[in-house]
Amino acid sequence: MGTALVVSGNSEIIKKLTSLLRDEGFTECMTADTASEARKLAESENTDLELVFIYAPLADEVGLNLSMYMTKHTSAGVFIATGRDTAAKAGEKLSQNGVITLIKPVSTEAVHQSLLAFRAMKCRIGLIEQKNIRLQAQLEEVKLINRAKLVLMQCLAMSEQQAHRYIEKQAMDLRVTKSYVAQQILRTYEI
């Protein structure tokens, strides 16, 4: 895994959580005592956080605002351990914003299970992002080919079908992609 940030005002909790997260595979565990210190670490240019674990309350705030801040300003998974009352009041709003809420006292098993769920969701999101990138590339290719067809229709008075067939035939004859043919057409006819 990557880098985790543990935020708590209690040094014993920090020791336990950093040890637990290292056992779970996090290679680096940074710590912060306050929300303001955690924000500074998150804003640091060389900090690429994968997980933020907030053990509330903190000295300078309850921790709810910090959890929301982390979801908006980092790509890290955000966990907050809080009291039952706070979890009941804010849990739904936090979960809608991607924060995983745990009720204190937090067991090792609860953290482990939550991390398993987090990793599973992270894998699914990664697959969706890859698919999105492929679809965006396909869309750009279609736009490029359509622009080339439009140029052929305007400059050579071809119909759309003729322009489409021309691009396909050139790609087959030259053994190149339709995108490459479209780029060549645009270089030739566009000013």
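The values are calculated or read from the model by the stated rules, or taken from the named source; none is laboratory data. Here the structure is a predicted model, which is why all the values come from computation and not from measurement. Cβ sites come from the backbone with ideal geometry, for glycine too, and all protein chains shown count toward neighbours. Accessible surface is based on the protein model in full, side chains and every heavy atom, while ligands, DNA and RNA are left aside. Shrake-Rupley method; radii C 1.70, N 1.55, O 1.52, S 1.80 Å.
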(request) For residue 52, list long-range residues whose amide hydrogen, built 1.01 Å from N in the peptide plane, is under 5 Å from its own amide hydrogen. (result) 5, 77, 78, 79
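May I ask for the percentage of alpha-carbon pairs in the range 124-191 that lie more than 14 Å from each other? Could you put the intermediate results ahead of the total?
Values: 1385 of 2278 pairs.
Roughly 61 percent, rounded to a whole number.
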(request) Determine the sum of side-chain charges near residue 3: Lys and Arg each +1, Asp and Glu each -1, restricted to other residues whose C-beta is under 11 angstrom from that of residue 3. (result) -3
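What net charge is computed for the residues neighbouring residue 13, neighbours being all others with C-beta under 12 Å from the C-beta of residue 13, Lys and Arg scored +1, Asp and Glu -1?
Taking every Cβ under 12 Å from that of residue 13, the sum is +1.
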(request) First select every other residue whose beta carbon is under 14 angstrom from the beta carbon of residue 86; then total the charges, Lys and Arg +1, Asp and Glu -1. (result) +1
(request) Rounded, prolate or oblate: pick one for the range 82-133, where a ≥ b ≥ c are the square roots of the eigenvalues of its C-alpha gyration tensor, a/c under 1.5 means rounded, and failing that, prolate if a/b is larger than b/c, else oblate. (result) oblate
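With every protein chain kept in place and ligands, DNA and RNA left out, what is the accessible area per residue of the range 92-191? Probe 1.4 Å, answer in Å².
74
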(message) Semi-axes of the equivalent ellipsoid for the chain, please: Cα gyration tensor eigenvalues, times 5, square-rooted, ordered largest first, whole Å.
(response) 54, 16, 15
(message) I'd like the Karplus ³J(HN,Hα) series for the range 27-35: coefficients 6.51, -1.76, 1.60, θ = phi - 60°, whole numbers in Hz, and an x wherever there's a Gly or Pro.
(response) 6, 9, 10, 8, 10, 8, 8, 10, 5
(message) Using a 1.4 Å probe on the protein heavy atoms, what percent of the accessible area of the chain belongs to carbon and sulfur?
(response) 52
(request) Kindly identify the range 53-108 as rounded, prolate or oblate by the Cα gyration tensor criterion: order the square roots of the eigenvalues as a ≥ b ≥ c, call it rounded if a/c is under 1.5, otherwise compare a/b with b/c, prolate if a/b is larger, else oblate. (result) rounded
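Quick one: which of 131/178; 122/143; 15/40 span more than 25 angstrom between C-alpha atoms?
Beyond 25 Å between Cα atoms: 122/143.
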(message) For the chain, set up a GNM with springs between Cα atoms under 10 Å and report which of 168, 61, 28 has the largest fluctuation.
(response) 168
